1. Using DSSP to define loop residues, name the trypsin sites (Lys or Arg not before Pro) in the stretch 107-161 whose beta-carbon has at most 14 other beta-carbon atoms within 10 Å.
2. Describe numerically, in nm with one decimal, the distance between label points set 7 Å from Cα along Cα→Cβ at Ile59 and at Val161.
3. Would you mind classifying the stretch 84-124 by shape? Square roots of the alpha carbon gyration tensor eigenvalues, ordered a ≥ b ≥ c; an a/c under 1.5 is rounded, otherwise it is prolate if a/b is larger than b/c and oblate if not.
4. Would you mind getting me the FRET efficiency between Ile236 and Met102? Use the beta-carbon distance for r and R0 = 22 Å, nearest 0.05.
5. Against the longest alpha carbon principal axis of the chain, how many degrees, from 0 to 90 and to the nearest 10, is the axis of helix 242-267 turned?
6. Per residue, how much accessible area does the chain have with a 1.4 Å probe, in Å²?
7. Relative contact order (percent) for the chain, with alpha-carbon contacts under 8 angstrom and 6 or more residues of separation?
8. Is the shape of the stretch 187-230 best called rounded, prolate or oblate, per the rule: a/c under 1.5 gives rounded, else a/b larger than b/c gives prolate, else oblate, with a ≥ b ≥ c the square roots of the Cα gyration tensor eigenvalues?
Amino acid sequence: MKQTIQIVLVFLLTCGSVFSQSTMKEALTKIDLDRQAIKGMCGCYQVGFNFAETFNYSIDSLYKPSKVKQEKALEWVQLLEYDEDKIVMQHLLIVGPKQSQMIVKHWRQDWLFENQDGYTYDTDNRWNYVSYTADQVKGKWTQRVAQVDDSPRYEGTATWVHIDGKSSWESDADAPLPRREHTTRNDYNVLVRTNHVLVYNDLWIHDQDNKKVIRRNGETDVLLAQEKGHNVYKKIEDEKCVAAQNWWTENREHWDSVRGEWNETIAKKEDIVL
């Protein structure tokens, strides 16, 4: 009997050791998969941008929804920084015929692992600083999106999920009006975004379920309309984005400086008002 108990104890201790090592290995593998998915959004892409207003809740009978937007473009996603807990990528649009291509500096996405310093959009170009506990962000990545001038836009935090060869991430975030609408719409002032990123094989998808909201101080948000966004990034040969690569080489020093100034502002952990 004594010998049996000893054997069982040895078995349990051994299994516990194996389980511990296995768990550690899986944890490391999970982080590697996270980084691999994020970095997988870099490169040259043929992009299809698709937006449609799906429902409106206005009591105004003359309400006019935004027109359906469908556009295609080349986009180069340049890797700027890559380390264990921070990955930074700059998007560059390539527009016009090959003989006279023009580069448009587009949005930037910073991915921060277990980031405890956040910024939430309020209204009127104001972002409020928010501090998160370590438990709130454990194992999660923050996607911090910058506007074309590198000023803040929106950010959300969530866990990457990897299954069946696909990697996905989904989070909610309040944001100012998108560029496609801020010059044509003034009947709402906040876009409440649900951003879903799906990465697999030779493409990635930025799927959006957005709410157009009227926000006033001290009042409950009013839902004006809903919108569906579906942007598909199909990877193509890097050679087709040489114009953007060259443009970044020529202009990187300037934008590195601008990004550095914004990083200093964000590091102050104070509300930001433009």
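The values are calculated or read from the model by the stated rules, or taken from the named source; none is laboratory data. All of these numbers come straight from a predicted model, not from anything done at the bench. Note that we place each Cβ from the backbone using ideal geometry, even for glycine, and neighbour counts take in every protein chain shown. These area figures cover heavy atoms from the full protein model, side chains too; ligands, DNA and RNA do not enter into them. Shrake-Rupley method; radii C 1.70, N 1.55, O 1.52, S 1.80 Å.
1. When the trypsin sites (Lys or Arg not before Pro) of the stretch 107-161 are filtered for loop state and at most 14 Cβ neighbours within 10 Å, Lys138 remain.
2. Once both label points are built, they end up 3.9 nm from each other.
3. oblate
4. The formula returns an efficiency of 0.70 here.
5. Value to nearest ten degrees: 80.
6. 58
7. Once divided by the residue count of the chain, the mean separation gives 18 percent.
8. Because a/c hits 1.5 or more and a/b exceeds b/c, the stretch 187-230 counts as prolate.
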